[in-house]
Amino acid sequence: MVAALQGPDPGVRGVGAQGGPSTPTLVGVSPQTAPARLHVVTGKGGTGKTTVAGALALALAADGRCVLLVETEGRQGIAQLFDTPPLPYEERRVAVTRGGGEVKALAIDIEEALLEYLDMFYNLKRAGRALRRMGAIDFATTIAPGVRDVLLTGKIKEAVTRRHDGQRVYDAVVVDAPPTGRITRFLGVTGEMSQLTRSGPIKTQSDGVMAVLRSPQTVVHLVTLLEDMPVQETADAIAELDQTHIPVGSVIVNMATEPLLPADALDRAAEGRISGADLAPALATAGVGNGALAGALAREAIEHARVWASQDALRGRIQALGRPTVELPLLTGPIDLGALFELAGRLEEHLAVGAAA
Amino acid sequence: MDLGGLIADSDTRIVVCCGSGGVGKTTTSAALALAAAEAGRRVVVLTIDPARRLAQSLGLKELDNEPRPVDVPGAPGELHAMMLDMKRTFDDVVVAHSTPERAEQILANPFYQALSSSFAGTQEYMAMEKLGQLRATERWDLIIVDTPPSRSALDFLDAPNRMSRFLDGTMIRLLTAPARAGGRAGMRLVGAGFMVFSRIISKILGGQLLRDISAFVAALDTMFGGFRERATQTYELLRRPGTWFVVVATPEPDALREASYFVDRLSTEGMPLAGLVLNRTHPPATTALSATRAEAAAEAVAESGGKDAKLAAGALRVHAERMALATREQRLEDRFTSAHPQVPVRTVPAAAGDVHDLAGLRVMGAELTGPDGDAATGTPRTRVLPARRG
């Protein structure tokens, strides 16, 4: 990351164009060369990013590990997910896992983060409070596109690298990040900021953040649904992230329909070639047979098979992305802590396979 | 909710589709626009970020900032569609409101370039600007607006004001005062408190950015009044009779929470709400068999092991899952309607695949605008399950 520290050419985005001495090509081949510690979770709006980030934090915290789950969009989604009161700007425990593991959560408040930053670097806490009364802090965090993101990623980097008595405080940090449309900008703060602030501490700060983000300890996971647009956005985001040499991890397919019909009946049903008459005799043996019900069940079975078929048609495109992939089922009940642990179980298996590979 | 009547009514001039990201605002807007054209209106739909295949089916090429006619065979009205290019819209505003030399200066300014392509809120501001432009031409008798995929539906209402406050606010004037008033003399005018502020800001952002902002503000000075005025005008447009808001949500807690905030905000602002579109619901084909009984029957059928037993057991499990899902969705809807009893709700069942052509839009349009009669399950259209009795 020497190139990044020397200050990239302000006209060029991304470290690759500068021909740095690092070997970013490794990233595409094997995202698991070293166990990642910073997991950034993104996806198109509505794909269930926050839920997946929460489940991933639980999975990583199994067996006595300590994980920090970070919220960046100020919507208190984590508090709702774990059914806790709104989170202050403070690391709070939201769940315990087997073997004495725990998940802490942090909702980053952008103003507080700026005040903390002013205090840390300039010893300006009191002046900072006065500035807030003037509305200046709000101004400073909105004035330059990217100041916000620099503060957020700076705080995340701090949590990833924090040590206490020489030991890492967190085994892993999971970030519920902005959606795919904004993820490259969010993570690629250096490019953005170096165009605007060619000098100054924000620049130094973004360079330090980029050093962590582009290292093998970071992975960006993409959450998608088996629908056209989320899959397309995932492909676009991977292409963009590859250009900036930020390591891409897994593609997490969320809310996938799992086939409930026998395999040999799925195609037939998707083509609409089953009817109430096919079901009625078997239904009668359970005492639920009447013509109207059988017809309705056949219609539902056909819809189910069609949804499955339209989702299945997209699996090829997801495979073509060439990333480790894991599927999470559509849960019909409410998303509570029990449901989160169920999803976490699936992610844990996936992580174990990834680590063994 | 009678959306069919609403879009056919010649007094309806603007329909704004709002909601959080990923709920199907774009598809809803396009489906309503198509239905309006088929009801004889001359309609334009302003989309923000349509899926590629949907854009193609509407004849939209990438980053085309002008409305284009869409061929709808047999429709008595006209359908036009456009996709917002926020940077180009911003550039056009700058060019329209300044001399060529000054416009060139502004367009080349690094701060302007960042502002016009990535400032949080630019997209919302420009969507409103474009809406104002479309409305001013009087070429269409109905404009349907899709709103940007922001974190919060409220951003659409807040961003333009935030942006114009930002552009002609005291803070930016204070910040750039020294440069404009001529160095140290200017500094004395604004006082010591500001000196501290300016020093910190320049520490955080670096001197170069401040110089860019100063140059930008100086070049833009004559346009400030114009900016604020335009934002205010368009905002007022949204309160005029003939404008309706349609809030879109999916049966998910987050999306409905956003919808709730938005509904409250509209009533505070005195803006007319047509109702809530609850998109992508999963109504079962029958509610005569509960999830529990369907599960039990599935076991019994599987054990009996006759011909097609596996298929029938599978179908029963599909039904059990549908009932569980429907119960959850109904509960979420009930929670919304008990908090907002005055807001009409229209449920739109999920399509089996993506909606990406006129035929798909027509199906969705029929769900949106069809009569409010009973659904196939015998319950009112807006309900998936019979109401719970107290």
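None of the figures in this text is laboratory data; all of them are computed from the coordinates on show. Just so we're clear, the structure is a prediction, and the values are computed from it rather than from any experiment. Neighbour counts run over all protein chains shown; Cβ positions are idealised from the backbone, glycine included.
With a 10 Å cut-off around each Cβ of B:316-329, the average count of Cβ atoms from other chains is 5. Remark on A:Thr97: its backbone amide H falls under 5 Å from those of A:Glu102, A:Val103, a criterion applied only to residues 5 or more positions apart or on other chains, H modelled at 1.01 Å from N. Taken residue by residue and averaged, Cβ atoms of other chains lying within 10 Å of the Cβ of B:343-355 number 3. Would you please give the FRET efficiency between A:Arg273 and A:Leu337, computed as 1/(1 + (r/R0)^6) with r the Cβ-Cβ distance and R0 = 41 Å, to the nearest 0.05? Computed FRET efficiency for A:Arg273 and A:Leu337 comes out at 0.45.
Peptide A:174-186 is shielded by partner chain Cβ atoms: per residue, an average of 1 of them sit within 10 Å of its Cβ.
Computed 3J(HN,Hα) for the range A:158-172, one whole-Hz value per residue from the Karplus formula 6.51 cos²θ - 1.76 cosθ + 1.60 where θ = phi - 60°, is 4, 5, 5, 9, 5, 10, 10, 6, x, 9, 5, 6, 10, 5, 8, glycine and proline marked x.
Within the range A:200-357, the ratio Rg/Rh, alpha carbon atoms throughout and Rh by Kirkwood, equals 1.15. For A:Val160, neighbours were defined as the other residues whose beta-carbon sits under 12 Å from its Cβ, and their charges (Lys and Arg +1, Asp and Glu -1) total +4. Near B:Val15, the amide H atoms lying under 5 Å from its own belong to B:Ile143, B:Ile144, B:Val145, B:Trp244; only residues 5 or more places off or on other chains count, and H is placed 1.01 Å from N.
Cβ crowding within 10 Å ranks A:Leu87, A:Leu279 as A:Leu87, A:Leu279, fewest other Cβ atoms first.
What net charge do the residues around B:Gln233 carry, taking every other residue with its C-beta under 13 Å from that of B:Gln233, with Lys and Arg at +1 and Asp and Glu at -1? Write down the numbers at each step before the final one.
On the way: positive: B:Arg135, B:Arg228, B:Arg230, B:Arg239, B:Arg240; negative: B:Glu129, B:Glu229, B:Glu236.
Counting the neighbours of B:Gln233, the net charge comes to +2.
Eigen-decomposition of the gyration tensor built on the alpha-carbon atoms of the range A:298-347 gives equivalent ellipsoid semi-axes of 23, 21, 5 angstrom, largest listed first. Distance between the pseudo-spin-label points of B:Arg335 and B:Ala366 (7 Å out from Cα toward the beta carbon): 3.3 nm.
I need the peptides B:126-136, B:24-34, B:2-12 ranked by packing, meaning the mean over residues of other C-beta atoms within 10 angstrom, with the highest value on top. Intermediate results must be reported in sequence, preceding the final value.
Working: B:126-136: 20.9, B:24-34: 27.4, B:2-12: 17.1.
Ranking the peptides B:126-136, B:24-34, B:2-12 by packing returns B:24-34, B:126-136, B:2-12.
How would A:Val220, A:Val212, B:Val348 line up from fewest to most surrounding beta-carbon atoms within 10 angstrom?
Least crowded to most crowded, the residues run A:Val212, B:Val348, A:Val220.
Cβ crowding within 10 Å ranks A:Cys66, B:Cys18 as A:Cys66, B:Cys18, fewest other Cβ atoms first.
Between amide H atoms placed 1.01 Å from N, distances below 5 Å from A:Val40 occur with A:Val175, A:Val219, A:Val220, A:His221, all of them 5 or more places distant or on a separate chain.
Return the Rg/Rh ratio of the range A:259-313 with Cα-based radii and a Kirkwood Rh. The partial results should precede the final answer.
Working: Rg = 11.4 Å, Rh = 11.3 Å.
Ratio of gyration radius to Kirkwood radius for the range A:259-313: 1.01.
Remark: for residue pairs A:Lys157/B:Lys25; A:Lys44/B:Lys130; A:Lys157/B:Lys130; A:Lys104/B:Lys87; A:Lys44/B:Lys87, the C-alpha separation exceeds 31 Å in A:Lys157/B:Lys25; A:Lys157/B:Lys130; A:Lys104/B:Lys87.
Modelled spin-label separation between B:Ser304 and A:Gln319, with each label point placed 7 Å from Cα along the Cα-to-Cβ direction: 3.8 nm.
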